[in-house]
Amino acid sequence: MTTAHTGNYRPGRSAAIRYLVLHYTAGRNDSAQSNLRYFEQNVVKASAHYFVDDLGWMQSVDDGDTAWSVGTAGIYVQKHPECRNENSISIELCCRYATGQYAFSKKTVRNAAQLTRMLMTKYDIPLGNVLRHYDVVSKHCPAPWVDDESQWLAFRKMIVEELDMTKQELLSLADTGDHPSDWAAEAASWAKQMGLIQGDGEGNFGWQQPITREALAVMLHRFSQLQTENA
């Protein structure tokens, strides 16, 4: 369900989704929830589809609607020949700010990689069509990945290496909803919050679906990553 104020995006799309664009919120220790709340309550003629933080991600604008994220606004120079608001999904990473610099936590970057890979699988988007805002227009965004190119290259490598559900597995979750059994509700909520279990981006999790060895490997890998990051 779209949560952004309707003044901040355009319902529907005039082109198919072909690009994913990464941004930063330029906030100071903000969260996905606080960004959703802001865009829901304020008309600012701007938006993004997803906001990512240490806990995972939250959706502000539906994939099928057009967020106002990568336009020039009469300020920036258009750099990419094809990527536009109409054919892209925008992902905002929440920031930390200290000593005059913005940075992303490891958890936020990992969650962003998982979301990006999921959307790439869902919409058949190649790695070459995963861009920074800076690659689309001349805006200095996301600042940590413009200032330090190696961080951006490391993120792209993480996308390639990130284990995630296959397209067939995503399709198998269709219309299953988010309905864990009562006895498993607390554990299911925890697994979602920690990023161990992820649905198809439309609220479907298939809690009663059989699990493949591949999916089990993904969950164990994610749990291992969390232990490493929290060590």
For residues that are among the aromatic types (Phe, Trp, Tyr) and over 13 Å from His23 (Cα atoms), tally how many sit in the range 115-154.
1
Just the residues that are more than 17 Å from the chain's Cα centre (by Cα), touching a residue at least 60 places away in the same chain (Cβ under 8 Å) and assigned to a loop (DSSP other than H, G, I, E, B), please, taken from the range 1-45.
Arg13, Ser14, Ala15, Ala16, Arg28, Asn29
Inspect the range 33-53 for any residue being over 22 Å from Arg110 (Cα atoms) and acidic (Asp, Glu) and give the result as yes or no.
yes
Output the number of residues of the range 1-40 satisfying the condition of being under 15 Å from Val52 (Cα atoms) and aromatic (Phe, Trp, Tyr).
3
Does Asp53 qualify as being over 24 Å from Met194 (Cβ atoms), under 17 Å from the mean Cα position of the chain (by Cα) and not polar (S, T, N, Q)?
no
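This table checks each residue for (1) under 26 Å from Leu55 (Cβ atoms); (2) of a type in the set (Val, Ile, Thr).
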site	(1), (2)
Val109	yes, yes
Gly128	no, no
Val136	no, yes
Trp145	yes, no
Mind listing whichever residues of the range 64-83 are under 14 Å from Val21 (Cα atoms) and among the hydroxyl-bearing types (Ser, Thr, Tyr)?
Thr66, Ser69
Enumeration of residues in the range 48-63 that are surrounded by fewer than 24 Cβ atoms within 10 Å (Cβ to Cβ) and not hydrophobic (A, V, I, L, M, F, W, C):
Asp54, Gly56, Gln59, Asp62, Asp63
Filter result (part of a strand (DSSP E or B), at pLDDT below 95 and not hydroxyl-bearing (Ser, Thr, Tyr)) within the range 60-98:
Arg96, Ala98
Val43 fails exactly one of (1) crowded, with 18+ Cβ neighbours inside 10 Å; (2) hydrophobic (A, V, I, L, M, F, W, C); (3) farther than 21 Å from Lys79 by Cβ, namely (1)
Residue within the range 171-189 that is of a type in the set (A, V, I, L, M), within 23 Å of Asp54 (Cα to Cα), within 22 Å of the chain's Cα centre (by Cα) and crowded, with 16+ Cβ neighbours inside 10 Å present
yes
Looking only at the range 190-223, filter to residues that are among the acidic types (Asp, Glu) and closer than 19 Å to Ala112 by Cα; which one of those is surrounded by the most Cβ atoms within 10 Å (Cβ to Cβ)?
Asp200
Pro126 meets each of (1) surrounded by 12 or more Cβ atoms within 10 Å (Cβ to Cβ); (2) modelled with pLDDT under 95 with one exception, condition (1)
Looking at the range 99-118, which of its residues are farther than 14 Å from Glu161 by Cβ, surrounded by fewer than 21 Cβ atoms within 10 Å (Cβ to Cβ) and either modelled with pLDDT of 95 or more or touching a strand residue (DSSP E or B) at 6+ places or on another chain (Cβ under 9 Å) (or both)?
Tyr102, Ala103, Ser105, Lys107
Quick check on my filter: what residues within the range 42-57 are modelled with pLDDT under 95 and of a type in the set (A, V, I, L, M, F, W, C)?
Val43, Val44, Ala46, Leu55, Trp57
Mind counting the residues in the range 166-192 that are closer than 10 Å to Gly206 by Cβ, modelled with pLDDT under 85 and not acidic (Asp, Glu)?
4
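The values are calculated or read from the model by the stated rules, or taken from the named source; none is laboratory data. Remember, it's a predicted structure, so these values are computed and weren't measured experimentally. Positions of Cβ are backbone-derived with ideal geometry, glycine not excepted, and every protein chain shown enters the neighbour counts.
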